[in-house]
Amino acid sequence: MSLGGYDVEVQRPGGLATEEMTLNMGPQHPSTHGVLRFIVKADGEVMREAIPDVGYLHRSIEKIAEKVGYHGFMPYTDRVDYVAAMPCNQGWGMVCEKLAGIEVPRRAEYCRVIAVELNRIASHLLSVGSMGMDIGAYTPFTHALREREYINDLLEELCGARLTFNYMRIGGVAWDLPPDWVPKAVAFLDRFEPLIDEYNALISYNKIYVERLANVAVISAAEAIDYNLVGPNLRGSGVKYDVRKDMPYSVYPEFEFDVPIGTGEVGTVGDCFDRYIVRIREMNQSCRILRQALAGVPEGPVLTKVPRKFKPPVGDAYIRLESARGDMGWYCVSDGSEYPYRVKIRTGSFTATSIIDKVSRGVMLADLIAIVASFDLVAPEIDR
Amino acid sequence: MKQLVLQLTGEGGLLAGVPYPLAAALAMLLFGAIVVFVFVLPVAGVTSWLERRVWARIQSRVGPNRVGPQGFLQWLADGIKNMLKEDIIPTAADRILFSIAPYLVVIGFIATFAVIPFSSALVIADLNIGILYVTAVTGLVVVGVLMAGWASNNKWSLLGGIRSAAQIVSYEIPAALSIFPIVLLTGTLSMQGIIQAQGWAPWHWFLFHNPFTFTAFFIFFVAALAEGNRTPFDLPEAESELVAGFCTEYSGMRYLLFFLAEWGNLYVIGAIVTTLFLGGWQVPHVTDNPFVLAVLQFGVFFLKSYFWVFIAMWVRATLPRVRVDQLMSLCWLYMVPIAIVNLVGTAIWMMVVPAGLDRVVQMLMTLGGAAIVVGFFGRVRFHLRRAKLRDVDYYYNPII
Amino acid sequence: MGYFRNIKETVATIFEGMSVTFSHFMRRPYTVQYPDRVPIRIQDTLPFRYRGILEVDLEICTGCLACERACPIDCIVIDAVKDKDTRQMVLKRFDIDIAKCMYCGLCSEPCPTGSIHHTSEFEGADYSLESMLRRFVKTPVVAYKPKKGPETDPEVAPILDRGMAYLTDFAAGGEE
Amino acid sequence: MSLLNTMPEFTVTTKIDEMLNWTRKSSLWYMLFGLACCAIEMMQTGGPRSDLDRFGAVPRATPRQSDLMIIAGTLTLKMALRTKVLYDQMPDPKYVISMGSCSNCGGLFQLAYSVCDGVDKVIPVDVYVPGCPPRPESLTEGLLKLQEKMMQEKWLVRRGEDESVAAQA
Amino acid sequence: MDAAAIFERLQARFGDAVVTFDSGGEPAVRVNPSAIFQVCEYLKTDPALGFDCLSNQSGVDYPKRNDIEVVYHLYSYRVRHACVLKVSVARDNPTMPSVWRVWKTAIWQEREIFDLLGVVFEGHPDLRRILLPEDWVGHPLRKDFVEPTEYHGISTKRESML
């Protein structure tokens, strides 16, 4: 049911003075996903603007990199994006390997891809689940958490931790796939894929849910590129771009998978629903990649010998990889010493937050929640 | 009740000599107090526990099961804890309004119990304007909620209060309009009268009386959910939007009252729906013993109304929340027009349809209702099989 | 006819969603009822690589300080001094601050004997930070000296076997 | 509560105390307040696998209705001031669990310039849970430890002389 | 188009005084700070270059050379190629034009560089601290940054228990 037009132009009889209300949403608010603050100027339920105030989780990870050395920084990369820590691990590994010109064994690349894709599913699950929760449905969230537990179990067996993996090393991965692990992962996929359909039946195509998300915060492709949106947020606006496909790294060219984009099936291309549904479809694609990768893990070592005192030559390197929140940039400057000279991490959430100010003008308060959820913001990724 | 009082005040009764009006008033007060303390409080509490258990099962959890047997005493622990917690009145709040508001909300919902007919005898007061009284008295809740939102001097509370006021006031209209077809059919506003006009079997219920009452039932249930601030219409306390809505600043005892009202209201919704559409306490004629009959009727009524409480919990665990403008357009664009169609339709139905056809339609409607239920379980089975079909029963963690 | 299609879609999708949630009444809950209502301890179900609270087998600690150096946040402190008379390494202190530890596993990778290792233990909640300091050396002990041949001491041999087994799986791909 | 603390110690008062403590510990509503990585594990703890609701602990969005604050994650200096405000908004009796290395003592972010090393610098902590992040069972254990502590509390009976002085100070 | 080709185009347009080629590390184009806006505008609007996205903007402090280097990683979604620009500004007076009119994403990325390194972008609409609190002193990613001992009464150091 098209529950009312979306036109929120407020009409009031002449002479009735209204006062603008300043709402302070966050840093502690149930739906800001961690510590994120919005200074909302509202006219009743309609927002004039919502200015994001970030930095409540600025943990100075980039400065710490200059103090702990190349190997020691690996555990910190887990904390850059705790929901999808594997891509961050991989990013740091890749940028160091590019600096020093290290070749990664093929088996290690497969291990990396498997771990990253599992983690991507876990991250997207949390994203779509919390989206459901923010819209007001709690059950999809707990179902998503339930499936996450299986992935956590798999990753725990692979690398010994549930969230902060510290799995990858410069030049490969720390641990080989455990024996009997591959069938378990395949069993998980067999179990998980029908559950995506169930999830869609439960929430994705629910009329109330669709109405809440369709046509909200439409971002055109040009705007998305201008604001440097990446990953599912960019693809939701209809730009068919995936670093795994368009700037191939690791062993991704060996796998067949599609890049889902927003098509505006219930509203306009680039609305909240498109950003949401892209994530759901990406989970399917990740399952596809995982099946191919699990079937074709080559034999061989998983780690090249890298000296404990790792000293890459002077220079800088910039790599891009597709993390769960999209194109993640790692820039590292080396001065030839044991410690990185400067590390800069360009993350998807940071740039996505910068567009909230623009798209939130004139929408309703409840829509702000949907917008924030649809960008899949993770606080430390914004603040680092 | 009237007979009981007459018996007591009559010759040789316990209260012989006491004038009847005084005795009747005392009896009403006593029964009211019993209802509140023995029935309303535990029902509200147990409902909150049950809701958590139902939620938990839907969410693949187990829910509270440590406090007492199967966690049954959870509501008691919650209640006593909240009673003993520090009661904060924010310095910026309007002290008087802030303190009164929860009581208004509680009065608004407890007062409805005055006319709920638990059996043919068990009713505090069988008002001849019973159903009108219910719609009127629940209006107090709006005042309380709006007062709470305003007095808290918190912007989230204010927004919650305003949303609640707009919502309850709007949804009173479709709710009332859906009651009218029943009033048309029975010709009475008395709750007992409405129940007496129905029978014990489903095809005697107004739910299956004709297509218009069938629709009216759903309109009424949805509107009642909205009035009770239940998901998908829980906007006033939308946790992910307004922190905790109008009760953001409330703590301790005062919050407990809101808590009580929320779950107590749920039962009221169930009871009214049962009265209006599901034949109330009507049971097949099995005995003439008034005591057994009362227990039987009470049991039937309680189960029927609790079924709708369960439905409301289940809906809450399933559906997302609507937006505030959608809430309004849902009311004014969809529910009010349909409710009016129902009203007119029922009137025409009463005039046009002959008595014989009436019975056939009722049987067909009942069959249709059964078909919907069967279809529903078909879908449930489909979902179960899809999950099971490829569920290789391979659990990684040995404990699970 | 968008009006009636909206009503139809709403009813249909809510019907579908309700059937999904109802089907969960017929599925098992997934809760592991830690701590008491579980058939086996959770710790025993955790995988071998699980990085729980650190533990040190002092019998096989060589006092090489590799773990202390590897730790990026200095949560391990070792005092190892060379006894002048016996020319042996003596461990005077081996403290790990589990309140600060980040459970990354970087310390157990370079350990030559698998002395410092992660256990599957995760229960360590306490009322004060001081009690979360793990002091392994109660009285100064002599550090372990790796032998050329197989281990002969019957007390140390099983511990060393365990340590080496841990190393082969946990730090198999360790650098250098 | 201060008025009640004047009663002498009897079996009755002890029993009542026990009952009150039981209700408190059985209904520990925690604040939905996640800071960083540990927040995800806190969600998982409330999730299906290790359901905190079993112990009667449910999340509440507003500090006014919560008894327990789980500091889940790194507390930055910018956030520390807010956390203090939130803690002050909670009604007595209130408890704090510090979850994970970062909130215990700064953990791996002790090297950072913008991180408050340890939540105990800002608000009093009842239970510390180690881990980075602690797994859900670990947090559950922390909650049980807190319940143990709560059962020792005395509300009705007179406190020792030194204790009441300390309470006044 | 690779870095050398892009440089040739820029050289032809702006001349040697404005752009130089930097081959240390990743090949990059070194741009005179005063001309960065014009260069960026050209890079975006020229159809063959078409750099429609500022993928990453970072600042690096070099106290030895006494300058702060701002690095632009550009990407073109249209042409699918990338390029790196480097701009050096004096460390004691780090001022350079903002490019937010070319790419909106620069608004926040420049704010971050201002916050952490103290580079002032002229013409920026909203140059405030972003990650650190408003009352913070100093720019922490500079190499000579000294950690404050106290912030609003909270000491920033913790004695190790060990």
Residue match in the stretch B:158-169 (condition: on the phi < 0 side of the Ramachandran plot, open to solvent by 10 Å² or more (accessible area, probe 1.4 Å) and away from chain A (no Cβ under 14 Å)): yes
Single residue of C:A165, C:A125 found to be within 18 Å of the chain's Cα centre (by Cα), assigned by TED's automatic domain parsing to the domain that holds C:Y50 and open to solvent by 40 Å² or more (accessible area, probe 1.4 Å): C:A165
Candidates B:A165, B:A216, B:A175, filtered to the one that is outside any loop (DSSP other than H, G, I, E, B) and under 15 Å from the mean Cα position of the chain (by Cα): B:A175
Answer from C:V20, C:V56 - the residue that is at pLDDT 85 or above and at the interface with another protein chain (Cβ under 7 Å from one of its Cβ atoms): C:V20
Subset of the stretch C:128-160 that is within 19 Å of C:S108 (Cα to Cα) and open to solvent by 100 Å² or more (accessible area, probe 1.4 Å) - its residue that is modelled with the highest pLDDT: C:R135
Subset tally (residues that are crowded, with 23+ Cβ neighbours inside 10 Å and either more than 13 Å from chain A (Cβ to nearest Cβ) or more than 15 Å from the chain's Cα centre (by Cα) (or both)) for the stretch C:101-112: 1
Residue in the stretch D:21-32 that is open to solvent by less than 10 Å² (accessible area, probe 1.4 Å), under 18 Å from D:M99 (Cβ atoms) and over 14 Å from the mean Cα position of the chain (by Cα) present: no
Yes/no for A:V297 being assigned to a loop (DSSP other than H, G, I, E, B), aliphatic (A, V, I, L, M) and farther than 20 Å from A:H124 by Cβ: yes
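Just the residues that are part of a strand (DSSP E or B) and either among the hydroxyl-bearing types (S, T, Y) or open to solvent by 60 Å² or more (accessible area, probe 1.4 Å) (or both), please, taken from the stretch E:9-29. Steps first, answer last, please.
Narrowing the stretch E:9-29 to residues part of a strand (DSSP E or B): E:19-22, E:28-29.
Within the stretch E:9-29, E:T20, E:F21 qualify.
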Subset of the stretch C:1-29 (residues that are under 21 Å from A:V210 (Cα atoms) and either touching a strand residue (DSSP E or B) at 6+ places or on another chain (Cβ under 9 Å) or aliphatic (A, V, I, L, M) (or both)): C:M1, C:I7, C:V11, C:A12, C:I14, C:M18, C:V20
Leading residue by the ranking (nearest to the other protein chains (Cβ to nearest Cβ)) among those in the stretch A:201-217 that are in contact with an Asp or Glu (Cβ under 6 Å, 6 or more places away or on another chain) and touching a residue at least 60 places away in the same chain (Cβ under 8 Å): A:K207
Leading residue by the ranking (farthest from the chain's Cα centre (by Cα)) among those in the stretch A:155-167 that are within 7 Å of another protein chain (Cβ to nearest Cβ) and assigned to a helix (DSSP H, G or I): A:E157
Near pairs, Cβ below 6 angstrom, 6+ apart or cross-chain, from the stretch A:75-92 (assigned to a helix (DSSP H, G or I)) to any residue that is open to solvent by 10 Å² or more (accessible area, probe 1.4 Å): A:P75/C:C104
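Every residue in the stretch A:128-141 that is open to solvent by 10 Å² or more (accessible area, probe 1.4 Å) and part of a helix (DSSP H, G or I), please. Spell out how you get there, then give the answer.
Quick first cut of the stretch A:128-141, residues open to solvent by 10 Å² or more (accessible area, probe 1.4 Å) only: A:130, A:133, A:138, A:141.
Residues satisfying the conditions are A:S130, A:M133, A:F141.
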Selection status of A:S220, of a type in the set (S, T, N, Q) and open to solvent by less than 20 Å² (accessible area, probe 1.4 Å): no
Filtered residue count, the stretch A:355-369, keeping only those that are open to solvent by 10 Å² or more (accessible area, probe 1.4 Å) and over 12 Å from A:R212 (Cβ atoms): 5
Residue in the stretch C:155-172 that is within 25 Å of A:D78 (Cα to Cα), part of a loop (DSSP other than H, G, I, E, B) and not aromatic (F, W, Y) present: yes
B:T135 of a type in the set (S, T, N, Q) and either within 14 Å of chain D (Cβ to nearest Cβ) or open to solvent by 30 Å² or more (accessible area, probe 1.4 Å) (or both): yes
Selection count, the stretch E:113-128, where residues are surrounded by 15 or more Cβ atoms within 10 Å (Cβ to Cβ) and either in a loop (DSSP other than H, G, I, E, B) or in contact (Cβ under 8 Å) with a residue 40 or more places away in the chain (or both): 7
Candidates C:I73, C:I96, filtered to the one that is of a type in the set (V, I, T), more than 22 Å from C:L160 (Cβ to Cβ) and open to solvent by less than 30 Å² (accessible area, probe 1.4 Å): C:I73
The one condition in (1) surrounded by fewer than 16 Cβ atoms within 10 Å (Cβ to Cβ); (2) within 11 Å of chain A (Cβ to nearest Cβ) that E:P133 fails to fulfil: (1)
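So which of D:D88, D:D120 is within 14 Å of chain B (Cβ to nearest Cβ), open to solvent by 10 Å² or more (accessible area, probe 1.4 Å) and acidic (D, E)?
Selected residue: D:D88, the only one of D:D88, D:D120 that is within 14 Å of chain B (Cβ to nearest Cβ), open to solvent by 10 Å² or more (accessible area, probe 1.4 Å) and acidic (D, E).
Is it the case that the stretch A:38-46 has a residue that's open to solvent by 10 Å² or more (accessible area, probe 1.4 Å), in a loop (DSSP other than H, G, I, E, B) and farther than 30 Å from E:E147 by Cβ? Explain how you work it out, then say what you get.
Looking only at the stretch A:38-46, we keep the residues that are open to solvent by 10 Å² or more (accessible area, probe 1.4 Å), and these are A:39, A:41, A:43-46.
Next cut, in a loop (DSSP other than H, G, I, E, B) only: A:44-45.
Now narrow it down to the ones that are farther than 30 Å from E:E147 by Cβ: A:44-45.
Yes, there is a match, as at least one residue in the stretch A:38-46 is open to solvent by 10 Å² or more (accessible area, probe 1.4 Å), in a loop (DSSP other than H, G, I, E, B) and farther than 30 Å from E:E147 by Cβ.
For residues that are in a loop (DSSP other than H, G, I, E, B), within 12 Å of the chain's Cα centre (by Cα) and of a type in the set (D, E, K, R), tally how many sit in the stretch D:76-130. Don't jump to the end; show me each part of the working.
Filtering the stretch D:76-130 down to residues in a loop (DSSP other than H, G, I, E, B) leaves D:90-94, D:100, D:106, D:112-114, D:116-118, D:122-126, D:130.
Next cut, within 12 Å of the chain's Cα centre (by Cα) only: D:90, D:92-94, D:123-126.
Narrowing the set further to residues that are of a type in the set (D, E, K, R) leaves D:92, D:94, D:126.
Here the count works out to 3.
Outside any helix (DSSP H, G or I) and at pLDDT below 85: which single residue out of B:D393, B:D358 fits that description? Break it down stepwise before answering.
Working: B:D358 fails: outside any helix (DSSP H, G or I).
Answer to the check: B:D393.
Restricting to the stretch C:84-109, and then to whatever is of a type in the set (D, E) and in a loop (DSSP other than H, G, I, E, B), can you tell me which residue is farthest from C:L129 (Cα to Cα)?
Pass one, the stretch C:84-109, residues of a type in the set (D, E): C:85, C:95, C:97, C:109.
Going one step further and asking which of them are in a loop (DSSP other than H, G, I, E, B), we end up with C:85, C:109.
Working: C:D85: 38, C:E109: 27 Å.
For the stretch C:84-109, the residue satisfying everything is C:D85.
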Of the criteria (1) buried (at least 23 other Cβ atoms within 10 Å of the Cβ); (2) within 16 Å of D:Y113 (Cβ to Cβ); (3) over 19 Å from the mean Cα position of the chain (by Cα), which one A:V68 fails: (1)
Selection count, the stretch A:221-245, where residues are within 16 Å of E:R80 (Cβ to Cβ) and over 18 Å from the mean Cα position of the chain (by Cα): 1
Filtered residue count, the stretch A:261-271, keeping only those that are open to solvent by less than 20 Å² (accessible area, probe 1.4 Å) and not acidic (D, E): 3
Residue match in the stretch B:311-330 (condition: open to solvent by 50 Å² or more (accessible area, probe 1.4 Å) and either at pLDDT 85 or above or outside any helix (DSSP H, G or I) (or both)): no
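The values are calculated or read from the model by the stated rules, or taken from the named source; none is laboratory data. Keep in mind that what you see is a predicted model, and the values were worked out from it rather than measured. Note: ideal-geometry Cβ built from the backbone for every residue, glycine included; neighbour counts use all protein chains shown. Each accessible area value is taken on the protein alone, full model and side chains, heavy atoms only, with ligands, DNA and RNA left out. Shrake-Rupley method; radii C 1.70, N 1.55, O 1.52, S 1.80 Å.
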